[in-house]
Amino acid sequence: MDIYNEQFVEGLFNSMSKTYGRVNYLSSFGFTERWRRQCVQAIKWDEVIQNGFDLMSGKGETWNLINKACTQDHTLTGVDISLEMIKSANQKLHWYPRLKIGTKQANVLQNDLESESADYIISSFGLKTFSPTQLEQLAKEVSRILKPHGQFSFIEVAEPKLLLLKIPFMFYLKYLIPIIGKLFMGNSMDYKMLGIYCQKFKDCSIFKAFLEREGLEVQQKRYFFGCASGVVGRKKA
Ligand SMILES: C[S@@+](CC[C@H](N)C(=O)[O-])C[C@H]1O[C@@H](n2cnc3c(N)ncnc32)[C@H](O)[C@@H]1O
């Protein structure tokens, strides 16, 4: 089984779409929500902003946070490969007064998003299901889609370096989250995959290197002692 096959990933999220939000919130004790907020707050919202993209947008989990943080009305497009996630996200299109939201079912690695059209790109928890080659392709797409001076902020769950934290955290991700998925939502296999992906992903270091290779300014971030990892930066003007 190729766990990085895009159809496999699409099927995984189609199957998790009904339970994803609740399992994610319950199993992270609200941490994922806090990390999404930190990811959104890393964007400088006081700059001129007309258009943004939420890549691997899921059910639109960041949109309320973007709506609260932004200082200007603007258009936002959520892009996700999973039709079921997009269908759930579509129910929220009109919930946020500052945002004119649209969605697009697409593979971000091969998309037709307009070049140099984004003032910002946000992305939460969508990196782990990419192999290094796919992360390299994603970095090229980020560079292509951003306007000169455009900003980006990505966040993903990571493997903490500190052994004292790494052992219990990875045990929790790999073994306890699937049990929570099973107990509350009758679905354990799919959630087991999330732990496997996180362990292989490690953190944003590789992605950072690919973004830098594209000429982007990048800063790597650690959230909560390295339990989440991010990259924040912009395209040079
Ligand atoms: C863990 S969810 C994150 C959803 C949301 N951003 C959040 O904060 O919870 C990862 C999402 O990435 C999407 N995804 C994975 N690979 C993708 C790809 N190649 N192109 C577009 N979306 C993809 C999945 O369908 C899924 O909805």
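Any read-out appearing in this document is the output of simple, stated calculations on the displayed coordinates, not a laboratory observation. Treat the numbers as computed from the prediction; the structure is a model and nothing was measured. Don't worry about glycine lacking a Cβ; one is built from the backbone with ideal geometry, like all the others, and counts go over all protein chains shown.
Assorted remarks:
- For the chain, the longest principal axis of the C-alpha atoms and the axis of helix 31-41 are separated by about 10°.
- The share of alpha-carbon pairs in segment 116-156 lying farther apart than 11 Å comes to 64%.
- Karplus 3J(HN,Hα) series, Hz, for segment 11-17 with 6.51 cos²θ - 1.76 cosθ + 1.60 (x for Gly, Pro): x, 4, 6, 4, 6, 8, 4
- Within the chain, helix-based [θ] at 222 nm, where runs of 4 or more DSSP H residues each add -39,500 (n - 2.57), nearest 500: -12000 deg cm²/dmol
- Listed values for segment 174-183 are Karplus-derived 3J(HN,Hα) couplings in whole Hz (6.51 cos²θ - 1.76 cosθ + 1.60, θ = phi - 60°), namely 7, 10, 7, 4, x, 5, 4, x, 6, 4, and x replaces Gly and Pro.
- Angle of helix 189-201 to the longest C-alpha principal axis of the chain, folded into 0 to 90 degrees and rounded to 10: 60°.
- Estimated FRET transfer efficiency (E214, L183; beta-carbon r; R0 35 Å; 0.05): 0.20
- The chain: proportion of alpha-carbon pairs further apart than 21 angstrom, %: 54 percent
- Amide H partners (placed H, <5 Å) of K202, local residues excluded: E159
- T133-S15 pseudo-label distance in nm [points 7 Å out on the Cα-to-Cβ vector]: 2.4 nm
- Computed over the chain: relative contact order in percent, which uses C-alpha pairs under 8 Å that are six or more apart: 20 percent
- Database remark: amide H of G126 closer than 5 angstrom to the amide H of I155 (H placed geometrically; neighbours at sequence offset of 5 or more, or on other chains; Pro and chain starts carry no H).
- Degrees, to the nearest 10: 132-145 long Cα axis against longest axis of the chain: 30 degrees
- Residues in segment 73-97 that a label on A106 would reach, taking backbone N under 13 Å of a point 7 Å out along Cα→Cβ: 77-81
- Residues whose amide H comes within less than 5 Å of that of G78, counting only those at least five positions distant or on another chain, are D54, G102, T103, K104 (H built at 1.01 Å from N in the peptide plane).
- What you get for segment 197-237, charging only the Cβ of Lys and Arg (+1) and of Asp and Glu (-1), is a dipole of about 20 debye around the Cα centre.
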